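Written out below as structure tokens is the structure these notes cover.
The values are calculated or read from the model by the stated rules, or taken from the named source; none is laboratory data. Quantities reported herein were computed from a predicted structural model and do not represent experimental measurements. Glycine also receives a Cβ, built like all others from the backbone with ideal geometry; neighbour counts cover every protein chain displayed. Surface areas here come from the heavy atoms of the whole protein model, side chains and all, with no ligands, DNA or RNA. Shrake-Rupley method; radii C 1.70, N 1.55, O 1.52, S 1.80 Å.
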Amino acid sequence: MSYLDHAASSPLRPIARDAWVRATAEAGNPSATHSAGRRTRRFLEEARESIAHSLGADPSEVIFTSGGTEGANLAVMGAARAALAGMARSPRDPDGTPIVESGRTGGGGPRRTHVVVSAIEHPAVLEAARLLENDGHAVSYVPAAPTGRVDATALDAVVTDETALVSLMWVNNETGVVQPVAEAVASAHGAGALAHSDAVQAVGHMGVDFRASGLDLLSLSGHKLGAPVGTGVLLARRGVPIVPVSGGGGQERGIRSGTVDVAGAVALAAALREAIQLREAEATRLVALRDALAAALIAIDGARVTGSGLPAEQRAPGIVHAVLDGVRSEDLLFALDRAGFSVSAGSACRAGVHQPSHVILAMGGSQAEASGTLRCSLGWTTTAAEVSALVKALPGAVERARAAGAFRPRR
């Protein structure tokens with residue numbers, strides 16, 4: 001079986017597995033004051049420093065989470081609820097660095113009741129935004145162009161002085177299209193709002209520098225880059241007020257409670273270091289494989305590769321996404337699975353139930369188009385032989401999927 005679904009979950013890197021095993025040999029809660037606790041605390045803080053160095057952040061800005069969903073929920077709901085409560089953002093030094101520790105600022109700021117998100121966000125952001133609507137926030141959902149890229153001008157047009165937060169993903173998890181994050185940051189900051197990006201599909205695959213990005217909040221997930229499932233980080237600039245979304249001991253800056261998974265943090269730091277060290281060479285390798293696969297899809301009658309006309313810097317190196325006429329995603333995935341290929345239709349975060357892609361709908365596509373998608377995502381284990389084999393298998397698989405759809409009874 002050829003595994004070509006790295007955007008859903010990438011296989012565990014040996015360096016991350018080894019780091020995890022070494023860290024689990026130490027007993028002790030990192031919050032304990034005895035010697036065992038201090039040893040595990042050292043492991044944790046070394047991992048925090050490593051991740052900060054890898055991503056252009058300060059160690060104090062690294063908050064460990066259970067993954068991208070928790071990080072996005074903390075960023076979107078936590079920051080927006082703080083703004084709704086009137087919690088003021090801390091003042092900044094001349095270089096833009098906030099002076100006061102995150103989450104410690106009191107009230108006194110203006111109550112902001114508006115949030116802006118793109119309509120192509122991962123469900124972790126979209127569902128958080130819908131929960132905010134129940135809190136009394138107004139939420140603007142900005143659609144994308146047919147290319148898969150959000151129009152920065154359209155996003156800027158809905159940002160007002162009531163906006164608390166603008167959230168725009170770095171790379172779309174279905175299409176692989178890179179979004180205008182810098183423009184979103186400028187729009188948010190121009191109105192005095194915060195800026196967040198779900199960078200799950202960017203970290204380890206593209207150049208991500210938190211400090212240089214200007215973002216206030218950035219969420220990432222470990223298992224998308226070869227770290228264990230259940231690991232993640234929220235980068236939050238100091239001085240950004242965040243209301244916790246769950247209660248407890250306040251282990252991570254009073255924002256994220258619960259005993260931190262030290263072994264997971266150590267493994268995430270190791271996987272991230274390796275991914276970044278190899279990133280440029282890997283990007284060159286994966287782009288060549290991606291383009292070969294995209295060319296094979298374009299050659300199939302009635303197939304369109306999303307974002308194929310965009311500049312190279314606006315496409316992630318390892319994601320190929322296509323819409324195929326006359327095909328239902330589940331039929332095509334079944335045909336390819338039978339042929340020995342693990343691929344997907346899009347996001348794996350819908351409880352295993354195939355639904356029309358909300359991303360394609362937000363790009364102006366039809367229900368039929370949203371129900372006939374294919375995503376192949378390449379990663380550190382992908383070989384040229386696997387892609388060549390898929391290229392050969394695709395025409396027959398599409399033909400079988402179309403035949404299966406033609407014989408399905410009408411409802």
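Miscellaneous remarks
- Each residue in region 241-259 was checked for being surrounded by 24 or more Cβ atoms within 10 Å (Cβ to Cβ) and either of a type in the set (A, V, I, L, M, F, W, C) or closer than 25 Å to Asp18 by Cβ (or both), and 1 pass.
- Selected residue (only one of Ala128, Ala124, Ala138, Ala154 is under 25 Å from Ala312 (Cβ atoms) and either modelled with pLDDT under 95 or of a type in the set (Gly, Ala, Ser) (or both)): Ala154
- Any hit, region 225-243, residues being of a type outside the set (Ser, Thr, Tyr) and part of a helix (DSSP H, G or I): no
- Qualifying residue in region 347-368 (condition: at pLDDT below 95, hydroxyl-bearing (Ser, Thr, Tyr) and closer than 30 Å to Ala144 by Cα): yes
- Residue satisfying condition, being open to solvent by 20 Å² or more (accessible area, probe 1.4 Å) and small (Gly, Ala, Ser), within set Ser344, Ser366, Ser329: Ser366
- Residues that are among the hydroxyl-bearing types (Ser, Thr, Tyr) and touching a residue at least 24 places away in the same chain (Cβ under 8 Å) within region 372-387 comprise Thr373, Ser377, Thr381, Thr382, listed in sequence order.
- The conditions of being within 26 Å of Gly346 (Cβ to Cβ), of a type outside the set (S, T, N, Q) and surrounded by 17 or more Cβ atoms within 10 Å (Cβ to Cβ) are met by Leu126.
- Taken over region 165-203, the criterion of being farther than 24 Å from Gly109 by Cα, of a type outside the set (D, E, K, R) and not in a loop (DSSP other than H, G, I, E, B) is satisfied by Val171, Val177, Val178, Val181, Ala182, Val203.
- Selected residue [without any contact (Cβ under 8 Å) to a residue 60 or more places away in the chain and among the β-branched types (Val, Ile, Thr)] from Thr259, Thr306, Thr284: Thr284
- Scanning region 1-50 for residues that are buried (at least 20 other Cβ atoms within 10 Å of the Cβ) and hydrophobic (A, V, I, L, M, F, W, C) returns Leu4, Ala7, Ala16, Ala19, Trp20, Ala23, Phe43, Leu44, Ala47.
- Selection of region 276-307 for residues being assigned to a loop (DSSP other than H, G, I, E, B), within 22 Å of Glu386 (Cα to Cα) and more than 21 Å from the chain's Cα centre (by Cα) yields Ala299, Ile300.
- Leading residue by the ranking (surrounded by the most Cβ atoms within 10 Å (Cβ to Cβ)) among those in region 276-318 that are basic (Lys, Arg) and touching a strand residue (DSSP E or B) at 6+ places or on another chain (Cβ under 8 Å): Arg315
- Test: residue in region 217-237 that is among the basic types (Lys, Arg) and either open to solvent by less than 20 Å² (accessible area, probe 1.4 Å) or out of contact with any Leu (no Cβ under 8 Å at 6 or more places or on another chain) (or both): yes
- Condition met for Ala339 (in contact (Cβ under 8 Å) with a residue 24 or more places away in the chain and over 23 Å from Ala227 (Cα atoms)): yes
- Residue match in region 218-225 (condition: of a type in the set (D, E, K, R) and within 16 Å of Glu121 (Cβ to Cβ)): yes
- Among (1) open to solvent by less than 10 Å² (accessible area, probe 1.4 Å); (2) over 12 Å from the mean Cα position of the chain (by Cα) - the single one Gly192 does not satisfy: (1)
- Members of region 141-164 that are over 21 Å from Ser366 (Cα atoms) and in a strand (DSSP E or B): Thr163, Ala164
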